[in-house]
Every structure is written in structure tokens, then in C-alpha cells.
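One structure is given below, encoded as C-alpha cells.
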Amino acid sequence: MNQDEVKEKLLAIKDAPMEFTVIFSGKKSKKVNGLYKPDSREIIIHNKNFSGTGYDTGDNLLIYTAIHEYAHHLHACARGGHLSPRAHTAEFWAILHELLEIAESKDVYKDVFSESKELEDLTKVIREKYLNENGSLVKELGEMLLKAHELCDSIGGRYEDYVDRILRIPRQAANLAVRMHQYNLNPVTGADNMRFLAGISNQEKREAAENALINGKSPDTVRTAVRKKPEDDDPRERLEKEKQRLERTIATLTRRLLEVEKELEE
């Protein structure tokens, strides 16, 4: 597989609004399999990293790397051609996971996780014995905390003091556990995802997010969808707002700099 074929496969997954180049470095790297240069819009793949594996396995790993770097490119496109210093944000992972789902459906990338019976059995144990049971326990904890709250009120004690000094757990964790019970969240999503869902006050959004998780969407994909604002669809408007924020910050820092210089002179 050459670099032109890789680019063709990437475009078959999803078209890009900005032109990009795929380059095989012809080198082996111990640090990374690939990288993306937003200034030149180049996807660099260290193709020698995959030469030691079997043809199918090596090509599949190479395509995964290409899709990963392509996700950076599409992320940059959505941001007006620029990326923040922190490249691996939740928004990036959401883009990557969407690309992988499409690539699997189009047989561009192979879903290796479904090919191992041993891994499939282990996944079932992890989901049912640990994620589900852990979620159920935290949800039950929320129910117990509600009862504790009632008992504290009946004896004239502060519930917050009970949580702080007797149970010795963070109040935020206690409040989230209570909301997990009150919202009747599905433990199948796991305790960590339930904490995220418990923080969504809007019932419609919360239920949509929960259903998305149950139906196989990744946490980053769901979080990005929940937090997405209407203006996120317009890169120019987003950049204009960022420009205004930066200008206000510069103005504030400039005033402070003048104050410091004046104090130093005095």
C-alpha cells in the first residue's frame, strides 16, 4: 500500500474541506507511528514501523494511524485550519471514533476486537461483573445517602457535616451518587459514565446521552455532542469570538503591565 492509496482510502471514509497530503517517511520511529503538521496540512506516516508485522495486520495498523492523523486534519478544518496546543481533546477523539466507525462499515479498516473469541469473552466479564455492578453499587449508594439525609434532619444534624466528617467522601461525589439514583440511570453504562450523565440537568439531553452510550457510542463522542453549541458549526464565527477574547485578555494584561511598571518606578 502506497501513500496515494492511503489518501484515497481516507477520502472514501469522509471528504475533507481542505486539501492535505499523505507522506510515507520511509523511516522507523520508536516514539510515534505518525504525525500531522497543521501548517502544511501533511499527514506523515512512519511506514517502516509496520514492516515487521504480517501484511493484513501491518496494513490495518497503518490505516489506523492514517485515520488518527486524518482526524487531526478534519479537526483543524473545523477550526479554520488551526489546532490548539492540546491536540487530543474530547472533540478530536469524537472525530476519530466517528471515522473508525465509518471505516469499519466500508471495510476500509478491520474491527480487530470482534475477531478474538477470548477478548470477546473477557469484554463480557468486564462489562457485566465490573462496569454494571460498579454502576449499580454507586446508584444504590445514592439511595442510602438520601436516607442518611433524612435521618440527619430528624436528629438535628447537618447532612453536609455527616458526609464530610463521618463518611469522609467528597460532597460532589455524594451529590452525583444521589442524582444517579434520582435520575434512575442505567448501570450498564458504568459508574464513570453515570457520573457524567448525572451532571446533565436537562432530561432530554441526559436521556439522549444515555441512549447513545448504551448503543455503543464512545464517551468522548457523547460528551462532545452534549457540549456542542450552535456556533460550533461556523468556524469563522468561532474564530471571531476567540479573537475578541484574546483582544480583551491582551488589553487586561497591558493595563496590568503598566501598573506593575509604575509600581517599580515608585
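Things worth noting here:
- Listed residue (Met1, Ile214, Leu145) projecting farthest to the positive dipole end of the chain, Cβ model: Leu145
- Hydrodynamic radius (Kirkwood) for the chain, which is based on Cα pairs only, to one decimal in Å: 22.6 Å
- Within the straight-line cut-off of under 24 Å between alpha carbons, the lysines reachable from Lys228 are Lys14, Lys205, Lys217, Lys241, Lys243, sequence neighbours fewer than 8 places apart in one chain being disregarded.
- The helix-based estimate of mean residue ellipticity at 222 nm for the chain, built from -39,500 (n - 2.57) per DSSP H run of four or more residues and divided by its residue count, is -19000 deg cm²/dmol to the nearest 500.
- Max mean-square fluctuation residue, GNM over the chain, Cα-Cα springs under 10 Å, options Val226, Val112, Val188: Val112
- Mean Kyte hydropathy of -0.5 or more with a Cα span along the axis of at least 27 Å, helices from DSSP in the chain: 55-78, 133-154
- Here the extension length gained between Ala208 and Met144 equals 20.3 nm, from 0.36 nm per residue of separation less the Cα-Cα distance.
- Kirkwood-based shape ratio for region 77-186, expressed as Rg/Rh from alpha carbons: 1.19
- Across all C-alpha atoms in region 151-266, the radius of gyration and Dmax reach 22.6, 66 Å.
- Here the dipole of the chain is about 460 debye; that uses its Cα centre as origin and unit charges on the Cβ of Lys and Arg (positive) and Asp and Glu (negative).
- Within region 116-228: Cβ-based charge dipole about Cα centre, in debye rounded to nearest 20 (Lys, Arg +1; Asp, Glu -1): 360 debye
- For the chain, a Gaussian network of Cα nodes joined below 10 Å ranks Leu151, Leu100, Leu141 by mean-square fluctuation, and the top entry is Leu151.
- Listed by chain and number, the aspartates and glutamates whose C-alpha is less than 16 Å from the C-alpha of Lys31, apart from same-chain residues fewer than 8 away, are Glu69.
- Net length available on complete extension from Glu42 to Ala251 is 71.7 nm, with 0.36 nm assigned per residue and the Cα-Cα distance removed.
- Counting only Cα atoms, region 25-99 measures 38, 24, 16 Å along its principal axes, largest extent leading.
- Of the residues Phe20, Phe50, Phe113, the one that moves most in a GNM of the chain with alpha-carbon contacts below 10 Å is Phe113.
Coordinate-derived values only; no laboratory data. All figures in this text were calculated on a predicted structure; none of them were measured in a lab. Counting neighbours? That spans all protein chains shown, and the Cβs are built from the backbone with ideal geometry, glycine included.
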